[in-house]
1. With respect to Asn573, is the statement that it is away from the ligand (no atom under 16 Å from the Cβ), modelled with pLDDT of 90 or more and not aromatic (Phe, Trp, Tyr) true?
2. Take Glu588 and decide whether it is assigned to a helix (DSSP H, G or I), within 16 Å of the ligand (Cβ to nearest atom) and touching a Pro at 6+ places or on another chain (Cβ under 6 Å).
3. For Thr277, all conditions in the list (1) in contact with a helix residue (DSSP H, G or I) (Cβ under 7 Å, 6 or more places away or on another chain); (2) within 30 Å of Leu42 (Cβ to Cβ) hold save one; what is the number of the exception?
4. Taking segment 612-623, which residues are in contact with a strand residue (DSSP E or B) (Cβ under 8 Å, 6 or more places away or on another chain) and within 11 Å of the ligand (Cβ to nearest atom)?
5. Among Glu470, Glu399, Glu510, Glu418, which is out of contact with any Gly (no Cβ under 8 Å at 6 or more places or on another chain), at pLDDT below 85 and not hydroxyl-bearing (Ser, Thr, Tyr)?
6. Read through the list (1) within 29 Å of Glu652 (Cβ to Cβ); (2) within 37 Å of the chain's Cα centre (by Cα); (3) in contact (Cβ under 8 Å) with a residue 40 or more places away in the chain, then give the number of the only condition that Pro613 fails.
7. Identify, from the list Arg454, Arg481, the residue that is modelled with pLDDT under 90 and basic (Lys, Arg).
8. Quick one: how many residues across segment 202-260 are part of a loop (DSSP other than H, G, I, E, B) and either among the basic types (Lys, Arg) or touching a helix residue (DSSP H, G or I) at 6+ places or on another chain (Cβ under 8 Å) (or both)?
Amino acid sequence: MTMEPVALADPPPSTAEDAPTARQKIGMFYRAVRQPITLICLAILALQIVIALAAPLLAPYDPLQPNVQHRLESPSSAFLLGTDDLGRDTLSRLIYGTQTALIASAQSVAIGLVLGVSLGVFVGYRGGWWDRIGMRIADVMQSIPALLLALALVAVIGNGLGKAMLAVGIIFAVGFMRVARAVVLAERERLYVDAARVLGLRSSSIMFRQVLPNIAPPLIVQASIALGTALLIEATLSFLGIGVDATAVSWGSMLDASRQHVSEQPLLAIFPGAAITLSVLVFNLLGDGLRDASSPRGVGGGKRKKPAKNTAATAEAEQNGTAKAVTTAPASAPTADAAKNALLTVSGLTVTTHTGAELVSGASFHIGKGETFGLVGESGCGKSITAAAILGLLPKGVEVTGGSVQLDGTELTGLGGEALRQIRGRRVGMVFQDPISALSPVHTVGRQLTDAIRSHSGLTKQQAEERAVELLSLVGVPAPRKRLLDYPHQFSGGMAQRVVIAGALACDPELLIADEPTTALDVTIQAQVLDLLAGLRERLNMSLLLITHDLGVVADICDRVGVMYAGQVVEVNTVRGAFNQPRHPYTEALLAAMPHGANGSEALATIPGRVPPAWAWPQGCRFHPRCTYAVEECKTGFIPLDDGVRCRRAVELKLAGAK
Ligand code: SF4
């Protein structure tokens with residue numbers, strides 16, 4: 001298996017139009033500053049930062065130097081905000097207090113973020129006992145009132161503002177950990193994480209490069225609230241005398257100093273109080289604004305970009321549905337020698353839930369090199385679970401309990417870790433049903449493609465980008481260099497599926513698994529995507545496993561077909577054989593229910609009843625409650641897959657083919 005990129009179609013030349021726009025580069029910042037409130041908050045925060053940094057230049061007096069001759073003076077030209085009980089200039093103390101407040105808040109939140117997010121992402125992604133231990137520790141810490149815990153930690157690590165804020169950071173870490181873990185638990189079930197696994201990305205890369213950016217919005221909100229809270233805690237600790245010492249100034253210590261002189265000089269309390277209130281408000285409003293802006297669908301970012309006009313036939317086809325992207329029909333693949341020449345051999349594959357329900361029971365089929373094999377059946381028959389089992393992508397609580405899956409002689413069942421990563425993406429690619437969900441919403445498609453390419457190759461970033469441009473060009477995405485900078489929501493469904501296919505082809509796989517690749521697409525786009533897959537299969541000489549509920553799709557591009565019902569493969573046949581002379585009554589029923597051949601005057605046939613759930617598979621032939629040919633002997637005993645068909649009456653029945 002070579003890692004050299006396949007020979008691709010000539011990519012379109014780079015043009016000025018392909019260059020990234022400045023607006024695209026500044027994405028999140030641009031969206032944030034379009035919100036007036038966020039803009040105002042950013043301006044206030046920027047001003048506070050400048051004041052904190054330039055405090056020695058801005059403060060007219062030494063904030064710590066007593067000047068009893070001027071104690072408790074009202075605002076004047078000499079002391080713009082008056083003086084405190086020791087004659088110290090209130091304005092100067094307020095300026096230096098800004099420095100203390102910002103540094104202390106940033107310190108504690110940074111500690112909480114780094115510690116909490118790392119732990120949250122780790123326990124959320126790994127799950128199991130890591131998660132249980134992490135959450136029990138978090139429960140214990142959160143069961144203790146925060147102030148008590150802070151005081152206990154201060155008692156352990158010592159007095160002083162720095163140590164106090166370290167204690168606050170540790171307390172914040174619990175909250176960040178919970179937020180990160182909760183979001184990761186949801187995110188890890190998302191299709192784009194499965195897609196990243198299929199592409200062979202390492203767990204650490206998936207955790208921190210794919211999942212972490214997707215949890216940014218809730219963390220930003222949490223961080224901004226925490227900044228405000230930290231600022232309040234710093235002020236409170238200083239007010240209580242366990243924050244800053246006499247060598248520094250804090251808004252909290254200013255409040256403390258004002259307590260005994262409120263009746264004489266009320267302004268002493270008003271200025272630091274107003275500074276604290278304003279800062280907390282700024283952090284909270286800023287968090288809301290950044291949360292919206294951090295999502296590509298945020299303010300003003302949710303408009304779907306119209307597919308760019310282009311001269312490529314594929315793009316025109318997608319726009320008007322009048323032409324096909326790739327007109328090459330699939331070449332007839334070898335079928336007679338397919339078993340001997342099999343690339344993928346699935347034998348007796350059994351997949352079971354932890355409750356004992358069999359989702360797939362002894363599935364067997366093979367796919368020849370260069371062959372397109374269709375796996376067809378109604379929803380709930382076990383097609384997608386079979387594909388997931390092949391790639392080791394079964395959900396938690398579901399496992400392979402029997403059988404074998406061999407890729408060109410390599411046993412895949414039981415593989416894990418690095419060995420499985422080397423198979424996914426490198427030797428087997430996968431295309432999912434919903435292309436938008438299969439792409440990470442917060443990364444550009446360029447980043448996602450280059451990550452996939454680089455995870456299996458030694459290419460530099462620039463080389464990987466060139467390869468990504470080639471792949472997008474190969475799958476018919478117009479202006480590919482420019483589109484590398486776009487987010488998934490800026491693509492139409494058909495174009496997004498082309499991007500997913502490009503990702504699946506990133507490392508020249510031997511086998512491409514396409515799980516209902518056209519179900520989520522508009523009907524006019526479906527044929528183009530199928531033709532694209534068929535054309536790529538032939539052009540790249542790979543094998544294709546196409547999972548679908550639509551026999552019409554099978555007829556279009558497959559060489560052979562496996563029909564699944566209730567977790568079992570009930571017929572394996574050539575497409576021509578299955579359509580002309582089906583051997584299992586379920587295949588016949590599926591053919592009769594095909595809408596493709598029906599004319600307006602004929603009522604479309606339906607299959608009575610529905611697929612039973614996995615915990616209620618019928619005894620005997622699982623299809624017998626719905627089979628019009630069922631006899632008593634069909635209701636008992638195990639029926640094997642014999643000569644490609646699983647039916648007691650296969651020899652005697654003369655079933656009708658497609659009309
Ligand atoms: S075994 Fe019996 S019930 Fe099952 S498909 Fe064949 S004829 Fe129908």
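1. Values: away from the ligand (no atom under 16 Å from the Cβ): no; modelled with pLDDT of 90 or more: yes; not aromatic (Phe, Trp, Tyr): yes.
Spelling it out, it is not the case that Asn573 is away from the ligand (no atom under 16 Å from the Cβ), modelled with pLDDT of 90 or more and not aromatic (Phe, Trp, Tyr).
2. Judged against the criteria, Glu588 is a match.
3. Every condition holds for Thr277 apart from (1).
4. Arg622, Phe623
5. Just a single option satisfies the conditions, and that option is Glu418.
6. Of (1) within 29 Å of Glu652 (Cβ to Cβ); (2) within 37 Å of the chain's Cα centre (by Cα); (3) in contact (Cβ under 8 Å) with a residue 40 or more places away in the chain, only one is false for Pro613: (1).
7. Details: Arg481 fails: modelled with pLDDT under 90.
Going through Arg454, Arg481 in turn, the sole match is Arg454.
8. 10
The values are calculated or read from the model by the stated rules, or taken from the named source; none is laboratory data. Quick caveat: nothing in here was measured; it's all calculated off a predicted structure. Because the Cβ atoms are built from the backbone with ideal geometry, glycine has one as well, and the counts that use them run over all protein chains shown.
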